[in-house]
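Structure record follows, encoded as structure tokens.
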Amino acid sequence: MKKVMKLGLGVIFFSFLMGCSGDKGEVKSTTLKVAFNQSEAHPQYKALKEFGEKLDKETNGQYKLEISPNSLLGDQRASAELVQNGVIQMAVVGNPVVESFNKDFAVIGLPYIYDSIDHQKSVFLSGKLDDLFKSVGKNGFQVVGAYTAGARSVYTNKPIEKPEDLRGYKIRVMQSDTMKKMVDLMGGVGTPMAQGEVYTAIQQGVLEGGENNEVTYADLKHYEVSKYFSYTNHLMVPDLIIINDKIYTGMTKENKEIFDKLIRESVESEFEAWNENVLASKKLAEENGAKFIDISIEQFQENVKPLQEDVVNTSDVTKKIYQDIRDLTK
Ligand code: GCU
């Protein structure tokens, strides 16, 4: 009897092994399609590519990454839906996209919450955001990490030095109430829109300008339609790496460990590459006529305080995260 059982277990184990392999004993490989809304020159693209190569190698070909840049799979909102439904497996989306699933996320994208890129890096790698990230799992996707997208500033057809300079100016923001309120408080008219439509909207006078980091400003050639980039430095919005929940929770323990470790490495290397990319982007924009203007930001900081208070007091979670983030400045 024992012998028969042993034999039975052996057969099951053997069939399991065969199930993991292809007909010719090849490893079963899963392709993770990733939606990305910027170009191949963007530091996040490079970080993702490197992540994919290492993932392929360290899982012995069980996972391969296929990145679709330039919004080929739609804007960030559309790609988040594709990830939810499992049509694609991963995407990089701005924090406001995930904020629409759980408004507690607004706290990590508040104006003036990070003091510097190094501060933001220590927050993203601290583990303090893990519970927040897991909280969206019931929506069909998980947040597995956050890339930096630097600091954002306002750009338009004239220098902006104080809130009054923005009066009546329609400035494009990412699609979220927090972002709209922010620009309204800064003196302008926050106008939510997908990133891909901004260039034409400014060109046609539907908008007076936008707000973004230097890399995207240059990558999307927005300097052609908005020459003055004024350093309001008002925002450091995280870009979140999301993955389909079933794919992620379905990984073996070993593969999940590799995946998590490599995401962390990818975040670290993207942070390292960021500043260098900012310099190159500024140079390119300047060569094409852009003007970068240093301004004093106190009045803008003062103006957005009511928004900071509102968002911090959303819930116990947001209060705690805000405190954790500020504690990491010390
Ligand atoms: C940045 C950010 C993107 C975001 C974009 C935007 O480029 O990295 O994730 O989509 O800003 O303003 O929409």
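The values are calculated or read from the model by the stated rules, or taken from the named source; none is laboratory data. No experiment lies behind these values; they were computed from the predicted model shown. Here the Cβ positions follow ideal geometry from the backbone for every residue, glycine too, while neighbour counts run over all protein chains shown. Please note that ligands, DNA and RNA were not included when accessible areas were found on the heavy atoms of the full protein model with its side chains. Shrake-Rupley method; radii C 1.70, N 1.55, O 1.52, S 1.80 Å.
Residue-wise test of (1) away from the ligand (no atom under 13 Å from the Cβ); (2) among the acidic types (Asp, Glu); (3) assigned to a strand (DSSP E or B); (4) under 25 Å from Val183 (Cβ atoms).
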position	(1), (2), (3), (4)
Asn60	yes, no, no, no
Leu72	yes, no, no, no
Val98	no, no, no, yes
Asp104	yes, yes, no, yes
* Asked: Tyr114 is checked against (1) modelled with pLDDT of 95 or more; (2) assigned by TED's automatic domain parsing to the domain that holds Ala41; (3) surrounded by fewer than 22 Cβ atoms within 10 Å (Cβ to Cβ); (4) not β-branched (Val, Ile, Thr) and fails just one. What number does that condition carry?
  -> (3)
* So which of Phe259, Phe300, Phe271 is of a type in the set (Phe, Trp, Tyr) and not assigned by TED's automatic domain parsing to the domain that holds Gly137? -> Phe300
* Search result, residues across segment 277-300 that are under 14 Å from Ala151 (Cα atoms), assigned to a helix (DSSP H, G or I) and not hydrophobic (A, V, I, L, M, F, W, C) -> Asn277, Ser281, Lys282
* Could you list, in sequence order, the residues of segment 51-102 that are more than 29 Å from Glu197 (Cα to Cα), out of contact with any Ser or Thr (no Cβ under 8 Å at 6 or more places or on another chain), crowded, with 18+ Cβ neighbours inside 10 Å and touching a residue at least 60 places away in the same chain (Cβ under 8 Å)? -> Leu55, Thr59
* Just wondering, is there one or more residues in segment 202-213 that are in contact (Cβ under 8 Å) with a residue 60 or more places away in the chain and within 21 Å of the chain's Cα centre (by Cα)? -> yes
* To do: Return the total of residues in segment 235-283 being more than 17 Å from the chain's Cα centre (by Cα), of a type outside the set (Val, Ile, Thr) and either under 21 Å from Ile88 (Cα atoms) or open to solvent by less than 20 Å² (accessible area, probe 1.4 Å) (or both).
  => 9
* Structure fact -> Of Lys221, Lys170, the only residue that is within 25 Å of Ala91 (Cβ to Cβ), more than 10 Å from the ligand (Cβ to nearest atom), at pLDDT 95 or above and among the charged types (D, E, K, R) is Lys221
* Residue match in segment 202-209 (condition: more than 16 Å from the ligand (Cβ to nearest atom), open to solvent by 10 Å² or more (accessible area, probe 1.4 Å), touching a Gly at 6+ places or on another chain (Cβ under 7 Å) and assigned by TED's automatic domain parsing to the domain that holds Lys227) -> no
